[in-house]
Amino acid sequence: MEHFNSIIGQSPALDSLIRSARIAASTDVTILLKGETGTGKEVLATAIQKASSRANKSFVKLNCAALPEGLIESELFGHRKGAFTGASSDTQGLFKAADGGTLFLDEINSLPLSIQGKLLRFLDSGECLPVGETHHYKVDVRIIAATNTDLNNQIDAGEFRRDLYFRLNVVPLELPPLAKRADDIEKLIKHFMAVFSETHAITPPKFSKKALKALKTYHWPGNIRELRNLCERLSILLAGRVIEPENLPLEFNNSTNFSNSSCLPNFSLPENGLALDSLEADLIQQALARTKGNRTQSAKLLGLSRDTLLYRMQKHGFNAS
């Protein structure tokens, strides 16, 4: 199954994951991909779809966090003309579009409770009900879902249906964070540098041994996506050069201090001091940038509760609404 070659790396954790994914791909079973943001859940979902018996059928993707609650039901199940303001014609949903194929629901943890019951009905019976319609329709769709949070915590908080979780969690596949795949970092760098060399028609830079060591000891909160972005930046700004640790962003040179949240107390105060308020504001800005504005994930990166993050955002003049 060469489709899994798109997943770069040979670490034991990754090898075990791919073996399980190959087996699951050959069936029609519902799959739940778990893993932090940026670990490659969509890449794995695509490999599974391509290796499945539905490879030549539709592969439809939806990020459940990308649409407001008022639109996601219509997007998934379709709507009848006149069902709501602006519904000028009958519209088929993504389930209809994916009939016979596969539907990938990314960030399923963001699916509103009001829609979770309708998804559960589909998983139980194969039936869908368009908005404004009274008659169900049936489709044959395989579901691959993905989450970047622990759904058990959301169940305990009353934010996710336990019965839906059990229907989705038939074959759970958990992608390891990049920090636990240090042996794969050099392979990933070579892959990304080759891609950007061709894309931008430039000579790729090379990493010194010290620079590679700094990358391997970094905690990678943004995982593979963060590594990819770093490689693209360096391939453009330092084309053809040898990258040393001093060419890396500041956080990589401080990775020994920040590699784990439990190590934060070991951070050394610079001799000339620092502006704590400015540092806090800058860290909040970096966390929001890495998570594309996701406050829950930003709070997790900073070791804060979401409410505390919102308070500090207001304190520093960020838009916390």
- HN-Hα J couplings of the range 153-165 from phi, Karplus 6.51/-1.76/1.60, θ = phi - 60°, integer Hz, Gly and Pro as x? 5, 5, 4, 4, 7, x, 9, 9, 6, 5, 5, 5, 4
- Accessible-area order (highest first, 1.4 angstrom probe) of the listed residues S235, S89: S89, S235
- Cα-based Rg / Dmax (Å) for the range 113-255: 22.3, 65
- Anything in the chain that counts as a DSSP H helix reaching 15 Å or more along its axis (C-alpha) with Kyte-Doolittle mean of at least 0.5? List them, would you? 12-25
- Query: For the chain, what mean projected area does the convex hull of the alpha carbons give, in nm²?
  - Reply: 19.7 nm²
- Item | Distance between the range 274-317 and the range 106-129 - C-alpha centres, whole angstrom | 32 Å
- Query: Full extension from R19 to T199: what is 0.36 nm times the residue separation minus their Cα-Cα distance, to one decimal in nm?
  - Reply: 61.6 nm
- Task: Name the shape class, rounded, prolate or oblate, that the alpha-carbon gyration tensor gives for the range 1-70, where a ≥ b ≥ c are the square roots of its eigenvalues, rounded holds for a/c under 1.5, and otherwise prolate holds if a/b is larger than b/c and oblate otherwise.
- Result: oblate
- Query: So, in Å, what gap is there between the alpha-carbon centers of the range 222-252 and the range 145-195?
  - Reply: 25 Å
- Violations at 22 Å Cα threshold for listed pairs K50/K118; K190/K216; K50/K190 -> K50/K118; K50/K190
- Message: Which one, P249, P12, P270, has the greatest fluctuation when you compute a Gaussian network model over the chain with C-alpha springs under 10 angstrom?
- Response: P270
- Message: If I take all pairs of Cα atoms in the range 170-225, what percentage of them are more than 17 Å from each other?
- Response: 48 percent
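The values are calculated or read from the model by the stated rules, or taken from the named source; none is laboratory data. A quick note: this is a predicted structure, and the numbers were derived from the prediction, not measured. Side chains included, ligands, DNA and RNA excluded: accessible areas come from the protein's heavy atoms. Shrake-Rupley method; radii C 1.70, N 1.55, O 1.52, S 1.80 Å.
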